[in-house]
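Here is the structure we will look at.
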Amino acid sequence: MSRTLWHNARLATLDGEGWGLIEDGALLVEGEHIAWLGEAAQAPRAEHQHDCAGALITPGLIDAHTHLVYAGNRSREFELRLLGASYEQIARGGGGIRSTVAATRAASEEELLALAQARLDALIAEGVTTVEVKSGYGLSLESERTCLRVARRLQGAQVQATCLGAHALAPEFVDRPDDYIGAVCEWLPLLQAEGLVDAVDAFCENIGFTPVQTRRVFEAAQRLGLPVKLHAEQLSDQQGTQLAASFGALSCDHLEHLSAEGVQAMAASGTVAMLLPGAYYFLRETQLPPIEQLRQAGVPMAVATDHNPGTSPTLSPLLMLNMACTCFRLTPEEALRGMTVNAARALGLADRGRLVAGLRADFCLWDAQHPSELAYYFGRNPLRQRVRGGL
Ligand code: NIG
Ligand code: FE
């Protein structure tokens, strides 16, 4: 197996407490994995050498909550919201998610793939090596299958595919949400059998599904051995977090209206708090997630783009690091952990997220002196090179 020594670099390993900085560092890659890392003076011999010219190396970024597969956009809805309509009002009026569902159903698989690949390319250009991609704009078996297949066909990053059939009520099921949930539960084994599902998500909200309906989706996932996660307490406190925690959810996401009980439930179940500053910002939300309570309770916090056409049309993970600090007051270290170590945990992937011997050689070379600069700048992309699986 070929061995390459990446030297003349400062490493931010994010292993253990703090940044895990190694000043004059080097990293030995063997095949797809990190074989060794430490001070350059102690580096083992390798047949290939790569001079990093003083770059900062961090783990590759992991965007653990995205809705990359859809057609159309919602710029008109953005305008309506600025003129005074609320996100809920637009959704109840048949717009919102439902309008993206119409556009997505009208698009071909190849069109959806081209759109999603272009979005993923933008994330990759800022250092993303692993991404989670949800369905949820199909809302029929056929269309959800197409969206998940598109997720599987994306190139350039490892993709974890999540079935979000319970995102909104499909138009065929108006006034029959329980029947729709029954249908979603029937789709899951079919989609799983086709190898299209890594996890199951739902939107538990007064404009989404009730905790009782969400539970049915989680039970169906549990029967299949699929991990669950939840869009929880985004617009109101539905106590979806407690429900998700009782199913050992990987993450609960958004959490602006999370209660103290919800925080405790997450702490007990080891569920990751997925913070989505893009949606908070774009909805002009003023209710902050209870960051200090999450911190005090030791709940791991992750940060993601939540890229979607309605609430977070951003394709900049670096901007999300900045907003996690400016909007949510995470420290730059917490923000970067949120898109590396804790994002890996939120996807149940133990083989990445830190620079540690034995883990995957997924890392980024940045034009930066110190890792806090990744959250400090906004609108600047200091990525020099992205390495995934050693290449
Ligand atoms: O993560 N809240 C539900 N789902 C998405 C938004 C979907 C949409 O508006 O298209 C979110 O914010
Ligand atoms: Fe989302």
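A few remarks follow.
- One way to sum up the overall shape of the chain is the equivalent ellipsoid from its Cα gyration tensor, whose semi-axes run 36, 22, 20 Å, largest first.
- Taking Val69, Val272 and counting other C-beta atoms within 10 Å, the order from fewest to most: Val272, Val69
- Taking all Cα pairs closer than 8 Å and separated by 6 or more residues, the relative contact order of the chain comes to 19 percent.
- FRET efficiency, Ala85 to Asp237 (Cβ-Cβ, R0 22 Å, nearest 0.05): 0.45
- Helix 97-106 and the long axis of the chain differ in direction by around 80°, with both axes built from C-alpha atoms.
- Between 0 and 90°, nearest 10: helix 109-124 axis offset from the chain longest Cα axis: 40
- Computed from point charges on the beta carbon alone (+1 for Lys and Arg, -1 for Asp and Glu), the dipole magnitude for the stretch 253-382 about its Cα centre is near 180 Debye.
- Principal semi-axes in Å for the stretch 133-247 [√(5λ), Cα gyration tensor, largest first]: 21, 16, 13
- Its Cα gyration tensor gives the stretch 59-102 an equivalent ellipsoid, and the semi-axes of that ellipsoid, as √(5λ) in whole Å with the largest first, are 25, 13, 10.
- Loop-located GluC sites (Glu not before Pro) in the stretch 62-164 whose Cβ has at most 10 other Cβ within 10 Å (DSSP): none
- Averaged over residues, the count of other Cβ atoms within 10 Å places the peptides 315-322, 220-227 in the sequence 315-322, 220-227, highest first.
- Applying 1/(1 + (r/R0)^6) with R0 = 56 Å to the Cβ-Cβ distance of Glu47 and Glu109 gives a FRET efficiency near 0.80.
- In range of the label at Leu21: residues from the stretch 327-346 whose backbone nitrogen is under 15 Å from the point 7 Å along Cα→Cβ: 332-334
- Taking the helices alone, the chain has a mean residue ellipticity at 222 nm of -10000 deg cm²/dmol, built from -39,500 (n - 2.57) per DSSP H run of at least 4 residues and averaged over all its residues.
- Each peptide in 188-198, 301-311, 96-106 gets a packing score, the mean of other Cβ atoms within 10 Å over its residues, and the list from highest to lowest is 301-311, 96-106, 188-198.
- Taking other C-beta atoms within 10 Å as the exposure proxy, Tyr377, Tyr70, Tyr281 rank Tyr377, Tyr281, Tyr70 from fewest upward.
- Reported to the nearest whole Å, the Cα centre-to-centre distance from the stretch 100-137 to the stretch 308-339 is 20.
Every number here is computed from the coordinates shown, using simple stated rules; none is lab data. Computed from a predicted structure; not experimentally measured. Positions of Cβ are backbone-derived with ideal geometry, glycine not excepted, and every protein chain shown enters the neighbour counts.
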